[in-house]
Amino acid sequence: MAEVRYFHTKLIGGNRKIQDPDQLIYDIAWKSADEIRNIVLTYPEDRDFLMESLQKRR
């Protein structure tokens, strides 16, 4: 079983860094709605959730 977590964030500065001693995180990224529409997701069923979440934040 896998667990995927998404976070709403606001980029304010600094450098992108994965802090994962277990090395289970393979990528972190900030994506726009257009990028989410076209990205290959490990769990494609999450796309609707992500798009709805972005719409609510506007």
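The values are calculated or read from the model by the stated rules, or taken from the named source; none is laboratory data. Just so you know, these numbers come straight off a predicted model, no measurement behind them. As a convention, Cβ positions derive from the backbone with ideal geometry for all residues, glycine included, and neighbour counts pool all protein chains shown. Each accessible area value is taken on the protein alone, full model and side chains, heavy atoms only, with ligands, DNA and RNA left out. Shrake-Rupley method; radii C 1.70, N 1.55, O 1.52, S 1.80 Å.
If you take the charge dipole of the chain about its Cα centre, with +1 on Lys and Arg Cβ and -1 on Asp and Glu Cβ, which of A29, T9, L41 is farthest toward its positive end?
The listed residue farthest towards the positive side: T9.
List the chymotrypsin sites (Phe, Trp or Tyr not before Pro) in the stretch 4-58 that DSSP assigns to loop (not H, G, I, E or B) and whose Cβ has at most 10 other Cβ atoms within 10 Å. Which are they?
On the way: sites: Y6, F7, Y26, W30, F49; in loops: Y6, F7, Y26, W30.
Hits after loop and neighbour filter: Y6, F7, Y26, W30.
Probe radius 1.4 Å, ligands and nucleic acids ignored: give me the carbon and sulfur share of the accessible area of the chain as a rounded percent.
Working: 2940 of 5830 Å².
For the chain, the apolar C and S fraction of the accessible surface comes to 50 percent.
Counting each DSSP H run of 4 or more residues in the chain as -39500 (n - 2.57), what helix-only mean residue ellipticity at 222 nm follows after dividing by all residues, to the nearest 500 deg cm²/dmol?
Numbers: 2 runs with 18 residues, N = 58.
Estimated from H runs of four or more residues: -9000 deg cm²/dmol.
What accessible area per residue, rounded to a whole number of Å², is obtained for the chain using a probe radius of 1.4 Å?
On a per-residue basis, the chain sits at 101 Å².
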